[in-house]
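Each remark here refers to the structure printed beneath this line.
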Amino acid sequence: MKITNGTPIPLYFSGYTTLIPELREPDGKIREWGRNSNILILPSESDFILALPGESVTFFPYTILFWRKGNQAELTIDFGDGSIWVSGGLKPDKYQFRFSYQKNIDPRSKIIYSGEAIEQMLLEMVYFGRVETPFVELHLAKP
């Protein structure tokens with residue numbers, strides 16, 4: 001996902017738990033996703049990437065698509081905190097896929113990341129809100 005800072009001020013964008021996958025089924029319904037985790041990874045300052053006005057940041061989470069027995073696929077996407085988004089039982093067909101970037105924590109609160117407080121000034125420069133990519137076609141064919 002590529003996000004361009006269209007404001008006149010520098011902004012930080014976070015790659016930590018902000019990319020939400022959306023998959024539209026062939027019948028138009030939005031598919032439910034599950035999340036699995038064995039560990040919790042706390043964010044650090046390096047999870048916040050600075051974009052000057054007009055600059056872009058790109059996030060590309062680790063993603064796996066694999067086939068299971070019974071001619072069904074499973075899609076897993078890293079969420080950044082040690083957990084993964086999981087959507088299984090996908091059959092060969094045409095789907096639509098997109099990411100939304102969602103950062104909704106109150107920027108006025110002080111947040112502790114990996115034992116270190118990120119200063120108020122940094123938090124005020126973090127973009128809070130939602131940005132969506134357009135849906136793109138995802139064609140799953142029999143293996």
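The values are calculated or read from the model by the stated rules, or taken from the named source; none is laboratory data. The structure displayed is predicted, hence computed values, not measured ones. Note: ideal-geometry Cβ built from the backbone for every residue, glycine included; neighbour counts use all protein chains shown. Please note that ligands, DNA and RNA were not included when accessible areas were found on the heavy atoms of the full protein model with its side chains. Shrake-Rupley method; radii C 1.70, N 1.55, O 1.52, S 1.80 Å.
Key figures for this structure:
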quantity: Met125, Met1, ranked by accessible area, largest first (probe 1.4 Å); calculated: Met125, Met1
quantity: Cβ-based charge dipole, the chain, positive-most Cα from Gln72, Phe59, Ile84; calculated: Gln72
quantity: Calculated on alpha-carbon atoms, Rg and Dmax of the range 1-84 in Å; calculated: 16.1, 52
quantity: Cβ crowding within 10 Å averaged over residues, with 48-59, 7-18 ranked highest first; calculated: 7-18, 48-59
quantity: Inverse of mean 1/r across different Cα pairs in the chain, Kirkwood, Å; calculated: 16.8
quantity: Sites matching trypsin sites (Lys or Arg not before Pro) across the range 1-100 that sit in DSSP coil, with at most 13 neighbouring C-beta atoms within 10 Å; calculated: Lys29, Lys69
quantity: Number of Lys pairs (Cα under 24 Å; 8 or more positions apart or on different chains) in the chain; calculated: 10
quantity: Estimated 222 nm signal from helices in the chain, with DSSP H stretches of n ≥ 4 weighted -39500 (n - 2.57), rounded to 500; calculated: -500 deg cm²/dmol
quantity: Mean accessible surface per residue for the chain, computed with a 1.4 Å probe while every protein chain stays in place, in Å²; calculated: 60
